[in-house]
Amino acid sequence: MRLKAVNARDLTPEALRLFTGRTPLLTAGDPTACNTMTIGWGGLGEFWQKPVCTVYVRQSRYTFQFVESHDYFTVSILPEDRKDALRLCGTRSGRDMDKIAACGLTVRYGAGDAPFFDEAELVLVCRKLYAQDMKPECVIDHGAASPFYKEGDWHRMYVGEVVEAYHA
Ligand SMILES: Cc1cc2nc3c(=O)[nH]c(=O)nc-3n(C[C@H](O)[C@H](O)[C@H](O)COP(=O)(O)O)c2cc1C
């Protein structure tokens, strides 16, 4: 096992630049079944006096069902040289293939049996605190939002407490 557990609050700002220039894998499920997909949008911060990670998942994603049906999700940053895996996990659906096997990723389990990848540089294990559908009527800047919702399929936002972090 490459990754070592660290305190989420001890991660350096550098390590926490999860969504700037990096595209993590969002994974959910349990030892019986799981799925992963590439995500480009999300954020890290503080909420309800907890360190949190927020992700946005369209309901059409196969991964959506896993995030919905489990209390935990994980966010794994793969090394820069695994762009092949990010491309595959961001363009193919787990409905049609076993993406994790195809990418040769090694699944490990954290809190709540949440799956993540031992090849990652950094992993956050998150316990869902809050979920809410994003809605057209709540948009303030329609110019910013409209390019992304031409076909509907609005994101559901999940705020997860970072309960574990793993660093290579
Ligand atoms: C760079 C990149 C970023 C992405 N970001 C998101 C995201 O933040 N939310 C989302 O719902 N889909 C996002 N996607 C799309 C999913 O990764 C893609 O639809 C994937 O095939 C879904 O797989 P699944 O059906 O197995 O869940 C992104 C794709 C790429 C390539």
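The table for this structure:
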item	result
Segment 136-162: number of residues that are touching a residue at least 24 places away in the same chain (Cβ under 8 Å) and closer than 11 Å to residue 56 by Cβ	6
Residue 89 vs. criteria part of a strand (DSSP E or B), open to solvent by less than 50 Å² (accessible area, probe 1.4 Å) and within 16 Å of the ligand (Cβ to nearest atom)	no
Qualifying residue in segment 130-147 (condition: on the phi > 0 side of the Ramachandran plot and open to solvent by 40 Å² or more (accessible area, probe 1.4 Å))	no
Filter result for the condition that a residue is in contact with a Lys or Arg (Cβ under 9 Å, 6 or more places away or on another chain), open to solvent by less than 70 Å² (accessible area, probe 1.4 Å) and of a type in the set (Asp, Glu), over 68, 80, 119	119
Index of the failed condition, residue 45 passing every other in (1) more than 15 Å from the chain's Cα centre (by Cα); (2) exposed (fewer than 15 other Cβ atoms within 10 Å of the Cβ)	(1)
Tabulated pairs, segment 82-93, first farther than 13 Å from residue 27 by Cα, second at pLDDT below 95 and open to solvent by less than 50 Å² (accessible area, probe 1.4 Å), C-beta under 8 angstrom, 6+ apart or interchain	none
Any chance residue 104 is closer than 15 Å to residue 161 by Cα and either more than 14 Å from the ligand (Cβ to nearest atom) or hydrophobic (A, V, I, L, M, F, W, C) (or both)	no
Residue in segment 153-166 that is at pLDDT 95 or above and assigned to a helix (DSSP H, G or I) present	no
Odd one out for residue 74, checked against (1) modelled with pLDDT under 95; (2) in contact with a Gly (Cβ under 9 Å, 6 or more places away or on another chain)	(1)
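The values are calculated or read from the model by the stated rules, or taken from the named source; none is laboratory data. Keep in mind the model is a prediction, meaning the values are calculated, not measured. FYI the Cβ positions are ideal-geometry reconstructions off the backbone, even for glycines, and counts take in every protein chain you see. The protein model used for the area step is the full one, side chains on, heavy atoms only, and it has no ligands, DNA or RNA in it. Shrake-Rupley method; radii C 1.70, N 1.55, O 1.52, S 1.80 Å.
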